[in-house]
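Engineer: One structure is given below, represented as structure tokens, and several questions about it will come after.
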Amino acid sequence: MKGLLIKDFKLLKGQKQFFTSVLIVMTVFLMTSNNLSFVISYITVMMGMLTLTTISYDEHENGMGYLFTLPVSRKGYVREKYLFGIMTTLPVLAVVSAIAFLVSGIRHIDFTVEEWGGAIMGSMLIVTMMLSLLIPIELKFGAERSRIAMTLVFGGTFAVVYIVAKASEFLGIDWKIWIDRLNGLDLPVVWGAFAVICGGALAISYLFSLRFLMRREF
């Protein structure tokens, strides 16, 4: 696994244009936007996409087939991708959220500690669900076909959310009541539930990814 991590981090050296563009976008947003929660989420999700990029690089010109002729197990490969995603996302989230909170003080933006903590939690939840969904898709269908699968998944998700929203409106269900109840929970309970949801999503996703990769032929 150590060799795979070194390989992926070396691949990041070839992403200088990506990092430059992300840094420029972050700087512009921090200087001009008052929605610092969006800045934190946007940068975190962009960094989370790097894990999918490394899988695409591995797939290029049957590179995955060659990789498994080396002393690399499929189980180790899947495990490394999730570890790499965590190692690249969490430090960036910590740095960006700290910078955003500092900028809020410099620019005198009303950005409370509660909003800051919510932005961190929301960003981590988004990137966790994104990787939990997209890594298995990428490993099952490959770099090319996964794009079609992702489009169908996101389209289907949007349709389900739209139908649920309309059905709730028709049935007179007020979601604000449930949101108010969540806001009333103690902070340790919220963070505990958050950890369980993220950990459970990653665990289930890992099992699916491992199963998909074990069945693939290269």
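The values are calculated or read from the model by the stated rules, or taken from the named source; none is laboratory data. Bear in mind that the values here come from a model prediction, so they are computed numbers and not experimental data. Here Cβ is always computed from backbone atoms with ideal geometry, including for glycine, and neighbour counts include all displayed protein chains.
Engineer: Suppose we filter the range 178-218 for residues that are at pLDDT below 85 and either over 30 Å from Asn62 (Cβ atoms) or aliphatic (A, V, I, L, M) (or both); how many remain?
Structural biologist: Total meeting the criteria: 18.
Engineer: Quickly run through the range 60-86 and pick out the residues that are basic (Lys, Arg) and crowded, with 20+ Cβ neighbours inside 10 Å.
Structural biologist: Answer for the range 60-86, where residues must be basic (Lys, Arg) and crowded, with 20+ Cβ neighbours inside 10 Å: just Lys81.
Engineer: Is the range 65-73 home to any residue that is within 24 Å of the chain's Cα centre (by Cα) and either at pLDDT below 85 or of a type in the set (Gly, Ala, Ser) (or both)?
Structural biologist: no
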